[in-house]
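Below: the structure, in structure tokens.
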Amino acid sequence: MSRSEKPKSVTVIDVAEKAGVSKSTVSLVLTGSSKVSSKAKQKVEKAIDELGYVYNRDAASLRSRKSNLIAIVINDLKNPYSAQLAVGLEQQIRQMGLFSMLVNSAENVDTQTSLVRNLKEYNVAAFIICPAPNTSADWVNSLVEQGFPVVHIMREIAGAKVATVLPDNFTGTKLATQHLIMKGYKKIAFIGGNESISDYHQRLSGYIEAMTLAKVPFSKKLCVQSNTTRNGGRSAMKEVLTLTSDIEAVVCFSDVIAYGAIEQIRASGRQPGKDIAIVGFDDLEDSRLMSPALTTIHVDANQIAIAVCQILTNINNGNRNKILVGVDLIERDSS
């Protein structure tokens, strides 16, 4: 071939001939259809590799007006549980024959709006969003009205006409608080999270319900809000210790908050797990490695991802279900 000649472009027809299948079978494989046998799929994929065929997904999207790209908008990728959840979502979405694009709003509603505006240009098939604080229902509903399916995860927005997948936050903190009460603790605080997010109210409500049912007195002053970071846990625990010197136990909004609380308890000259019991929420991988090992509420990130993908399979039918994923108490040395 002379230098002036261009290499011949490999087409779908070339792939079909190489694989010994029809052009429509190749197209089904390229679009991730489940209507193709595994044997035919293997033939097509082998032909694609041998011929060096590249599927122009942008052109296909323009033709079909539907992409196979799912946009995942996570609220805070620095949070270990958010990262754990993102991995689970990516794996489940890939098993559906789709691809995901992951972005981080960093808990900023303006960043979230900008990211979604840009992602819409890719004609995404659906958005999976963990809403940033102060996300409005009008904004979410406008996105749906523009033809973009939306699933909310971890948090819900009142008035938003979208499907939502949440851990059972209320039951989780109720279990955590009841566990501490059954151990004989009476002076129990709740720390972490803030009132601009739905999961804070749900988790706080579980704590209040358990205290009320057991007729254990509690003070709203000992329900201390903070950033959902390790430093937030330290500052909230410090405030509790300033308010009362005889606190016996703490229910934490998250494991990360609990990590900071453990550090602050130790810094105050007391022993976490002995002088003050601690319970977290999430069951991060590091929680069993803490000293003391952290009692926590287990939330299976993979089960949340599976529930999201179940919704995606019929999202175009106007699915607005709310799914609560079950939680479990994992008892360890901290309580």
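The values are calculated or read from the model by the stated rules, or taken from the named source; none is laboratory data. These numbers come from a predicted model, not from an experiment. Here Cβ is always computed from backbone atoms with ideal geometry, including for glycine, and neighbour counts include all displayed protein chains. Ligands, DNA and RNA are excluded from the accessible area calculation, which covers all protein heavy atoms including side chains. Shrake-Rupley method; radii C 1.70, N 1.55, O 1.52, S 1.80 Å.
Tabulated values for the structure
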item	result
Only one of Gly260, Gly232 that is closer than 25 Å to Ala106 by Cβ and touching a residue at least 40 places away in the same chain (Cβ under 8 Å)	Gly232
Filtered residue count, the stretch 267-290, keeping only those that are farther than 21 Å from Ser235 by Cβ and either of a type in the set (Lys, Arg) or surrounded by fewer than 21 Cβ atoms within 10 Å (Cβ to Cβ) (or both)	4
Residue match in the stretch 171-193 (condition: under 19 Å from the mean Cα position of the chain (by Cα) and hydrophobic (A, V, I, L, M, F, W, C))	no
Options Ala189, Ala160: the member that is more than 30 Å from Trp139 (Cα to Cα) and touching a helix residue (DSSP H, G or I) at 6+ places or on another chain (Cβ under 6 Å)	Ala189
Enumeration of residues in the stretch 260-300 that are among the small types (Gly, Ala, Ser), in contact with a Ser or Thr (Cβ under 8 Å, 6 or more places away or on another chain) and in a loop (DSSP other than H, G, I, E, B)	Gly273, Gly280, Ala293
Count of residues meeting criterion [open to solvent by less than 40 Å² (accessible area, probe 1.4 Å) and either in contact with a Ser or Thr (Cβ under 8 Å, 6 or more places away or on another chain) or of a type in the set (A, V, I, L, M) (or both)] in the stretch 116-130	9
Members of the stretch 127-154 that are of a type outside the set (S, T, N, Q), on the phi > 0 side of the Ramachandran plot and either touching a residue at least 24 places away in the same chain (Cβ under 8 Å) or in contact with a strand residue (DSSP E or B) (Cβ under 6 Å, 6 or more places away or on another chain) (or both)	Met154
Helices (runs of 4 or more DSSP H) fully within the stretch 73-190 counting 3 or more residues that are at pLDDT below 95	80-95, 109-119, 137-145
Search result, residues across the stretch 233-259 that are over 24 Å from the mean Cα position of the chain (by Cα), aliphatic (A, V, I, L, M) and in a helix (DSSP H, G or I)	Ala236, Met237, Val240, Leu241, Leu243
Only one of Met211, Met182 that is surrounded by fewer than 16 Cβ atoms within 10 Å (Cβ to Cβ) and among the aliphatic types (A, V, I, L, M)	Met182
Single unsatisfied condition, Asp328 versus (1) open to solvent by 70 Å² or more (accessible area, probe 1.4 Å); (2) in a helix (DSSP H, G or I)	(2)
Checking Thr296 against (1) open to solvent by less than 50 Å² (accessible area, probe 1.4 Å); (2) more than 17 Å from the chain's Cα centre (by Cα); (3) over 20 Å from Gly206 (Cα atoms), the condition it does not meet	(3)
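Quick grid of which residues meet (1) at pLDDT below 95; (2) of a type outside the set (A, V, I, L, M); (3) closer than 30 Å to Gln92 by Cα:
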{"residue": "Asn231", "(1), (2), (3)": "no, yes, no"}
{"residue": "Ile257", "(1), (2), (3)": "no, no, yes"}
{"residue": "Ile265", "(1), (2), (3)": "no, no, no"}
{"residue": "Gly318", "(1), (2), (3)": "yes, yes, yes"}
{"residue": "Leu329", "(1), (2), (3)": "no, no, yes"}
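Yes or no, residue by residue, for (1) open to solvent by 60 Å² or more (accessible area, probe 1.4 Å); (2) assigned by the TED database to the domain that holds Asp255:
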| residue | (1), (2) |
| --- | --- |
| Val144 | no, no |
| Ala163 | no, no |
| Thr177 | no, yes |
| Lys187 | yes, yes |
| Ile191 | no, yes |
| Asn194 | no, yes |
